[in-house]
1. In region 70-84, is there at least one residue being within 15 Å of the ligand (Cβ to nearest atom), at pLDDT 95 or above and charged (D, E, K, R)?
2. Any residue in region 100-111 that is open to solvent by 70 Å² or more (accessible area, probe 1.4 Å) sitting within a Cβ distance under 8 Å of a residue that is basic (Lys, Arg)? List the pairs, counting only those 6 or more apart or interchain.
3. Just checking, does region 26-45 include any residue being modelled with pLDDT under 95, open to solvent by 10 Å² or more (accessible area, probe 1.4 Å) and of a type outside the set (Asp, Glu)?
4. Are any residues in region 1-18 touching a residue at least 60 places away in the same chain (Cβ under 8 Å), under 13 Å from the mean Cα position of the chain (by Cα) and open to solvent by less than 40 Å² (accessible area, probe 1.4 Å), and if so, which ones?
5. Within the group Ala88, Ala48, Ala62, which residue is farther than 24 Å from Met1 by Cα, open to solvent by 40 Å² or more (accessible area, probe 1.4 Å) and either in contact with a strand residue (DSSP E or B) (Cβ under 9 Å, 6 or more places away or on another chain) or not in a loop (DSSP other than H, G, I, E, B) (or both)?
6. Within region 89-112, can you find the residues that are within 9 Å of the ligand (Cβ to nearest atom) and polar (S, T, N, Q)?
7. Report the residue count in region 15-39 for those that are more than 15 Å from the ligand (Cβ to nearest atom) and not in a loop (DSSP other than H, G, I, E, B).
8. Looking at Glu46, Glu57 in this structure, which one is without any contact (Cβ under 8 Å) to a residue 60 or more places away in the chain, in contact with a Phe, Trp or Tyr (Cβ under 6 Å, 6 or more places away or on another chain) and within 10 Å of the ligand (Cβ to nearest atom)?
Amino acid sequence: MNHSRDTLIAAARAAAGAAYAPYSQFHVGAALGFADGSVVAGANVENASYGLTLCAETVAVARAMNDGARGGLVAVALVGGPAGKVGAGDPVTPCGRCRQVLSELAQLGGTDPVVWSEGVDGVLEVKLSTLLPHAFGPASLG
Ligand code: THU
């Protein structure tokens with residue numbers, strides 16, 4: 001199933017409204033689009049111990065996998081920025097840890113999801129394999 005870019009971005013934007021980001025004030029929403037048409041979203045969850053922060057993408061992957069997802073990830077939409085200005089700056093790309101977390105779910109189903117990130121000048125579109133080439137994954141363990 002092909003997800004509409006704009007619909008998935010709208011889901012990410014809606015998710016960003018649930019961000020808990022009192023330290024950075026940087027709200028991020030992520031929406032995962034699956035081959036069966038389902039969408040699972042998440043927002044960042046910060047912590048007073050800053051390094052324990054969970055990014056939006058990781059929250060979304062954990063949600064999806066706790067709901068039983070083991071592949072089928074075909075698209076990822078991201079939007080982020082200061083509260084009230086989400087999507088008004090440069091497009092947000094997943095941090096290194098989130099690239100790896102997204103890649104695990106993608107590799108389970110043999111997909112290479114498209115990543116859409118909305119910024120002030122439009123939508124950046126890039127494949128996950130471009131963001132994380134030569135990825136380590138389930139198959140790497142033999
Ligand atoms: N953040 C995400 O949720 N996803 C990203 O792709 C980049 C960064 C969050 C982590 C932290 O809560 C805030 O944005 C500022 O780094």
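1. No, every residue in region 70-84 fails to be within 15 Å of the ligand (Cβ to nearest atom), at pLDDT 95 or above and charged (D, E, K, R).
2. Filtered contacts from region 100-111: Leu108/Arg70.
3. No, because not a single residue in region 26-45 is modelled with pLDDT under 95, open to solvent by 10 Å² or more (accessible area, probe 1.4 Å) and of a type outside the set (Asp, Glu).
4. Selection gives Leu8, Ile9, Ala11, Ala12, Ala16.
5. Ala88
6. The one that is within 9 Å of the ligand (Cβ to nearest atom) and polar (S, T, N, Q): Thr93.
7. So the count comes out to 3.
8. Glu46
The values are calculated or read from the model by the stated rules, or taken from the named source; none is laboratory data. Here the structure is a predicted model, which means the values were calculated and not measured. Positions of Cβ are generated from backbone atoms using ideal geometry, with glycine treated the same way; all protein chains shown enter the neighbour counts. Quick note on the areas: whole protein, heavy atoms, side chains included, nothing else; ligands and nucleic acids left out. Shrake-Rupley method; radii C 1.70, N 1.55, O 1.52, S 1.80 Å.
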